[in-house]
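Student: Input: one structure, supplied below.
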Amino acid sequence: MESKITAIAVYTPEKRINNAYFQQFIETNDEWIVSRTGIRERRFASETQFTSDLCIQAVHNLLAENKNISLEGVDFIIVSTTTADQVMPNTASQIQNAFNIQNCGCLDIMAACAGFVYGLVLAKGMIAAGTHKKILVFGAETLSKFTDFKDRTSCILFGDGAGMALVEPSDKAKIFNAVTGSDGGHGKDLYLSQNNSIVNGEHIEANGKIHQNGKVVFKWAIQTVSGKINELLAKNAMQLEDLDWIILHSANMRIIEGVAGEINYPIEKMLSSIEYCGNTSSASIPLAWDIARKAGKIKPGQKILMLGFGGGLTFAGVIIEV
Ligand code: UT7
């Protein structure tokens, strides 16, 4: 059984945080942030708003925007997040409960910024296996709750948001072959220190904050992503010209520009959510898709290559037809 994404929806919290906000507590400025990252603004969840709340709002938006869609028959919920409300119970179960969806598998997955694409790959496989028919795949984060506001190289990057896709069976394949992988040797270059533990042979002290070796991840991202785009095209017997859009994880506009340069692809066809959402990890790809969709850019029948990369250092890419 083939599959397709039949709808997407998003939610971003009300609270807008501009670049000047950070000048209250770190030495920085709008010019540095815009020129080094492309970020002008990001959204922060309120103190009482958690990742599951953002997902639930995204579902309300899905239903409001698509009168023909109901949650009846939803049989699996996958939530990609590194900032779950709690490790247990999982975020997916909170969504299940909010909408009283019965007989529905509930799973959180952790693959950081690659997680939304990982979720699509899982959903495609479950539909292909014939075991499930109506799957909600979320990418959602409240990174602001885990941000170290004393670290000026990372705190200016992160934002909160949720995006989701409804994945259902299709007569014609519309979610094509994927690439997935990880460079676990780089685990220590980007991590969220939840527990005292050892990663890559080094001790990690729990402080509940995100730590990033920005320069190393930046270089790794450009090289890895460029290579994986070519691998993904080859796996689908496609050329760059067959694509209408590329959506990379919105980590930094300079990474998107760097990859566009490496693969020689027009930057106008690279969609992102970086400018007004910042780096929202798992949520960044569906947010970028939604921004472009609402701007009237994405049309039925078009092909989009999506590729996420981040903590792990994980990566996952897939080509879909809208
Ligand atoms: O989402 C998962 C994947 N994540 C990524 O892909 C992130 C990859 N990394 C990056 O996006 C970039 O490395 C950062 C945005 C994190 C940092 O940008 P950079 O161009 O690599 O800056 P840098 O760390 O090399 O710092 C350059 C200078 C330094 O000053 P000196 O040593 O040259 O005097 C920093 O101290 O910029 C300084 N700096 C800042 N200045 C003003 C660092 N952060 C700031 C800041 N405001 N917020």
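The values are calculated or read from the model by the stated rules, or taken from the named source; none is laboratory data. Since the structure is predicted, the reported quantities are computational estimates derived from the model, not experimental observations. Methodologically, a virtual Cβ is constructed for each residue, glycine included, from the backbone with ideal geometry; neighbour enumeration extends over all protein chains shown. Protein only, heavy atoms only, side chains kept; ligands, DNA and RNA dropped before computing areas. Shrake-Rupley method; radii C 1.70, N 1.55, O 1.52, S 1.80 Å.
Student: Starting at the first residue of the range 136-146, write each ³J(HN,Hα) from the Karplus equation 6.51 cos²θ - 1.76 cosθ + 1.60 with θ = phi - 60°, in whole Hz, x for Gly and Pro.
Tutor: 9, 10, 10, x, 8, 8, 10, 5, 4, 7, 10
Student: Calculate, in nm to one decimal, what LYS133 and VAL34 gain on full extension: separation in residues at 0.36 nm each, minus their alpha carbon distance. Each step should come with its number before you reach the end.
Tutor: On the way: separation 99, 0.36 × 99 = 35.64 nm, distance 4.30 nm.
So the extension gain works out to 31.3 nm.
Student: So what's the net charge close to VAL74: Lys and Arg +1, Asp and Glu -1, counting the other residues with Cβ under 11 Å from its Cβ?
Tutor: So the environment of VAL74 carries a net charge of -1.
Student: Given a 1.4 Å probe and heavy atoms of the protein chains only, how would you sort TRP32, TRP245, largest accessible area at the top?
Tutor: Correct descending sequence by accessible area is TRP32, TRP245.
Student: Can you bin every Cα-Cα distance in the range 176-321 into 10 Å intervals starting at zero and give me the percent of pairs per bin, rounded to whole numbers?
Tutor: Per 10 Å bin, starting at 0, the Cα pair percentages come out as 11, 40, 32, 13, 4.
Student: Which distance in nm do the two modelled labels at ASN196 and ASN68 give, with both placed 7 Å along the Cα-to-Cβ direction?
Tutor: 5.8
Student: As an exercise, identify the trypsin sites (Lys or Arg not before Pro) in the range 85-183 lying in DSSP coil whose Cβ has no more than 14 other Cβ atoms within 10 Å.
Tutor: Sites meeting the loop and neighbour criteria: LYS150, LYS172.
Student: Counting only protein heavy atoms and a 1.4 Å probe, tell me what percentage of the chain's accessible area is made up of carbon and sulfur. Don't jump to the answer; show the numbers that get you there.
Tutor: Values: 6770 of 13960 Å².
Carbon plus sulfur share of accessible area: 49 percent.
Student: Cβ under 10 Å from ASP171's Cβ, ASP171 left aside: what net charge do those residues give with Lys, Arg +1 and Asp, Glu -1?
Tutor: For residues surrounding ASP171, the net value is +2.
Student: Let me ask something else about it. Exposed loop GluC sites (Glu not before Pro) only (DSSP loop, at most 16 other Cβ atoms within 10 Å): please give the longest stretch of the chain free of them, not including the sites. Numbers along the way, then the final one.
Tutor: Working: sites that count: GLU14, GLU27, GLU47, GLU72, GLU205.
With a cap of 16 other Cβ atoms within 10 Å, the longest stretch comes to 73-204.
Student: How many angstrom separate the Cα center of the range 176-235 from the Cα center of the range 86-142?
Tutor: 22
Student: Kindly write out, for the range 111-120 in residue order, the coupling ³J(HN,Hα) from the Karplus curve 6.51 cos²θ - 1.76 cosθ + 1.60 (θ = phi - 60°), rounded to whole Hz, with x marking Gly and Pro.
Tutor: Here the 3J(HN,Hα) series is 9, 6, 5, 8, x, 5, 5, 4, x, 5 Hz.
Student: With every protein chain left in place and a probe of 1.4 Å, what is the accessible surface of PHE149, to the nearest 10 Å²?
Tutor: 60
Student: Under 5 Å between amide H atoms, partner at least 5 residues away or on a different chain: which partners does ALA111 have, H built in plane at 1.01 Å?
Tutor: Amide H neighbours of ALA111, under 5 Å, 5+ apart: THR81.
Student: Related question: In whole Hz, what ³J(HN,Hα) sequence does the range 209-220 give by Karplus (6.51, -1.76, 1.60; θ = phi - 60°), x for Gly and Pro?
Tutor: Per residue, the Karplus-derived 3J(HN,Hα) values read 10, 8, 10, 9, 8, x, 4, 5, 5, 4, 5, 4 Hz.
Student: Explain nothing, just the number: dipole magnitude of the chain about its Cα centre with +1 on each Lys and Arg Cβ and -1 on each Asp and Glu Cβ, in debye rounded to the nearest 20. If you can, show how the numbers build up before the last one.
Tutor: Details: 29 positive and 33 negative charges, 74 e Å.
Result for the chain is approximately 360 debye, rounded to the nearest 20.
Student: For the range 1-134, what Kirkwood radius comes out of the mean inverse Cα-Cα distance, in Å?
Tutor: This gives a value of 17.0 Å.
Student: To continue, here is another question. Please report, to one decimal in angstroms, the Kirkwood hydrodynamic radius of the chain built from all distinct Cα-Cα pairs.
Tutor: 19.6
Student: Separate question: Could you tell me the accessible area of HIS60 in Å² (1.4 Å probe, neighbours in place), rounded to the nearest ten?
Tutor: 90
Student: Holding the Cα-Cα limit at 31 Å, pick out from LYS124/LYS209; LYS188/LYS269; LYS235/LYS297; LYS67/LYS133; LYS124/LYS150 the pairs that are longer than that.
Tutor: From the list (LYS124/LYS209; LYS188/LYS269; LYS235/LYS297; LYS67/LYS133; LYS124/LYS150), the Cα-Cα distance tops 31 Å for LYS124/LYS209; LYS188/LYS269; LYS124/LYS150.
Student: Of the DSSP beta bridges with both residues in the range 7-149, give the percent that are antiparallel, rounding to the nearest 5.
Tutor: Numbers: 4 of 14 bridges.
In the range 7-149, DSSP labels about 30 percent of beta bridges as antiparallel.
Student: Related question: At 1.4 Å probe size, with every protein chain present, just tell me what the per residue accessible area of the range 125-225 comes to in Å². Walk me through the numbers before you get to the answer.
Tutor: Numbers: 4510 Å² over 101 residues.
With the other protein chains kept in place, the range 125-225 gives 45 Å² per residue.
Student: While we're here: Tally the DSSP beta bridges in the chain and give the antiparallel ones as a percent, rounded to 5. Walk me through the intermediate numbers first.
Tutor: Details: 41 of 58 bridges.
For the chain, the DSSP antiparallel bridge percentage is about 70.
Student: What is the gain in length, in nm to one decimal, between LYS219 and ALA20 on full extension, counting 0.36 nm per residue of separation less the C-alpha to C-alpha distance?
Tutor: Working: separation 199, 0.36 × 199 = 71.64 nm, distance 2.77 nm.
Here the answer is 68.9 nm.
Student: Follow-up. Where both partners of a DSSP beta bridge lie in the range 165-322, what percent of those bridges are antiparallel, to the nearest 5?
Tutor: 75
Student: With every protein chain kept in place and ligands, DNA and RNA left out, what is the accessible area per residue of the range 14-53? Probe 1.4 Å, answer in Å².
Tutor: Accessible surface, normalised per residue, equals 61 Å².
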